[in-house]
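What follows is a set of notes on a single structure, which appears directly below.
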């Protein structure tokens with residue numbers, strides 16, 4: 001007498017016998033949060049971006065890359081954080097300004113691609129800090145942007161980066177940051 005096991009049941013048995021725990025979702029594991037959910041959890045609302053102050057556009061998409069123009073630290077009231085880090089502003093205030101700048105960048109990026117979940121990877125961040133002569137903690141200032149990108153996007157927010165000091169920035173901005181992002185096609 002022959003016993004036949006239905007193909008579907010056979011597949012389930014094979015999966016149960018050979019699946020490794022690393023391949024299965026952990027019991028009781030929370031669903032992965034979208035970047036928008038992480039922003040909400042952090043109490044961050046993406047601002048409506050004002051028109052550029054010169055003859056350029058905020059984003060250009062070519063293929064699966066989005067290039068973002070230099071953005072500044074846009075405050076919730078619509079003004080910008082201005083001044084020199086190491087003079088008018090402390091290192092902590094510079095860090096906060098870089099964080100605001102990352103929020104502005106994410107707002108422009110979302111405007112370009114629709115949903116931040118389409119981000120495959122933040123490729124490059126170029127951070128410029130308006131500083132006094134002798135200020136040397138540019139990286140610590142731009143960490144404000146880098147830290148936020150990783151908070152919101154997880155490993156997809158990790159990037160290569162440059163952080164440099166400038167004698168001045170447009171309209172006296174404390175920080176200006178450009179970004180390149182790889183997105184889904």
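We did not get these values from a lab; they are worked out from the coordinates using the rules stated. Because the structure is a prediction, the values reported are computed rather than measured. For neighbour counting, all protein chains shown are included, and Cβ atoms are generated from backbone atoms with ideal geometry for every residue, glycine included.
For each of 101, 59, count neighbouring Cβ atoms within 10 Å of the residue's Cβ, then give the residues from fewest to most.
Details: 101 30, 59 17.
By the 10 Å Cβ count, ascending: 59, 101.
What's the extension gain from residue 36 to residue 136 if we count 0.36 nm per residue and subtract their Cα-Cα distance? Let's see the in-between values first.
Numbers: separation 100, 0.36 × 100 = 36.00 nm, distance 3.40 nm.
Stretched fully, the residue 36-residue 136 segment lengthens by 32.6 nm.
For a footprinting-style exposure proxy, rank 105, 169 by other Cβ within 10 Å, fewest first. Don't skip to the answer; put the middle values down first.
On the way: 105 28, 169 19.
If I rank by nearby Cβ atoms, fewest first, I get 169, 105.
Multiplying the sequence separation of residue 56 and residue 121 by 0.36 nm and subtracting their Cα-Cα distance, what value in nm do you get?
Working: separation 65, 0.36 × 65 = 23.40 nm, distance 2.42 nm.
Contour length minus Cα-Cα distance gives 21.0 nm.
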